[in-house]
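What follows is calculated from the coordinates using simple rules that are stated; it is not laboratory data. All values derive from a computational prediction rather than experimental measurement. We place every Cβ from the backbone using ideal geometry, glycine too, and count neighbours over all the protein chains shown.
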Amino acid sequence: MLIWEKPKSAMLLEVKDLQSYYGLSHVLQGVSLAVYSGEIVGLLGRNGMGKSTTLKSIMGMVQPKSGSVHFQNQEIAGQEPYRIARAGIGYVPEERRIFSNLTVMENLMMGVKPGDGQKKDGWTLSKLYHHFPFMKDRPAQKGSHLSGGEQQMLSIARALMGNPKLLLVDEPTEGLAPLMVREVREVLSKINQEGVSILIVEHNLQVALSLADRVYLMGKGTIGFTGSVQELKAQPHVQEQYLSI
Ligand SMILES: Nc1ncnc2c1ncn2[C@@H]1O[C@H](COP(=O)(O)OP(=O)(O)OP(=O)(O)O)[C@@H](O)[C@H]1O
Ligand SMILES: [Mg+2]
């Protein structure tokens, strides 16, 4: 039997027993997970299980009723989203909320955090252009004139402008053509190689399993399975139970 070996790197994010509601609806019923420095971790599961709500609760966009969110050993649960962003977490929402009437460059600048402008080891424009060449060629193009894939890239790039240690990415390949799916997958892998840890929600199992080191599978409001990608692949019945395959 395969046993998941705890990564040797430091724990970056630790979520413990998170409980979140929408009104009276008890959506997160004790979610616990961790991301270690350098990892890509997949959060997977069927529709409506609470994956996006988990990311939103970590990011402070949904206020958790109880539980803890430790990021770099600091409690951030219940803080305002801008404070959580400043602590070093970037968020790429499901809906790719780029500003459609702003240009590529203006969108990127919206991601800059106060005081980060002079950071030498941060995500400079030239480093971004290396990973997203179309932005160098078309900085003045309006967001609304970008393809779906380019909008997704811009949403990711804008989050990187905040120099996050951890990126929360919600369904980055949803609705994209196969070629663009591959490009988004590739760019996330390269960002990770640049030292950014990633917690990704992704329906495309092939993308998720080729990117992730470890996965958490959600049942309704709770984590039902956790393990390495190899462990998941070795257990088809677990995939059947928790994933739409
Ligand atoms: N703003 C909201 N108000 C009320 N209920 C909500 C809201 N957002 C989500 N829900 C409900 O909470 C539950 C979890 O939703 P969530 O979006 O977190 O699921 P998900 O796992 O991300 O699903 P999907 O794969 O479809 O994106 C669902 O039952 C959903 O209908
Ligand atoms: Mg979702």
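See the values below:
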{"read-out": "With eigenvalues of the C-alpha gyration tensor scaled by 5 and rooted, segment 15-122, Å", "value": "26, 18, 14"}
{"read-out": "Of all DSSP beta bridges in the chain, antiparallel share, percent nearest 5", "value": "55"}
{"read-out": "Using a Förster distance of 35 Å, the FRET efficiency for residue 21-residue 194 (Cβ separation, nearest 0.05)", "value": "0.45"}
{"read-out": "Most fluctuating residue given options 85, 157, 140, as computed from a GNM of the chain linking Cα atoms under 10 Å", "value": "140"}
{"read-out": "Part-to-part distance (alpha-carbon centres) for segment 210-245 and segment 46-96, which is given in Å", "value": "21"}
{"read-out": "Label-point separation, residue 37 to residue 70 (7 Å along Cα→Cβ), nm", "value": "1.5"}
{"read-out": "Computed helical MRE - 222 nm, the chain, DSSP H runs ≥ 4 contributing -39500 (n - 2.57), nearest 500", "value": "-9000 deg cm²/dmol"}
{"read-out": "Pairs beyond 28 Å (Cα-Cα), from 56/136; 113/220; 113/233; 65/165; 65/127; 65/142", "value": "56/136; 113/220; 113/233; 65/127; 65/142"}
{"read-out": "DSSP-assigned coil residues among GluC sites (Glu not before Pro) in segment 84-142, each with at most 16 further Cβ atoms within 10 Å", "value": "94, 95"}
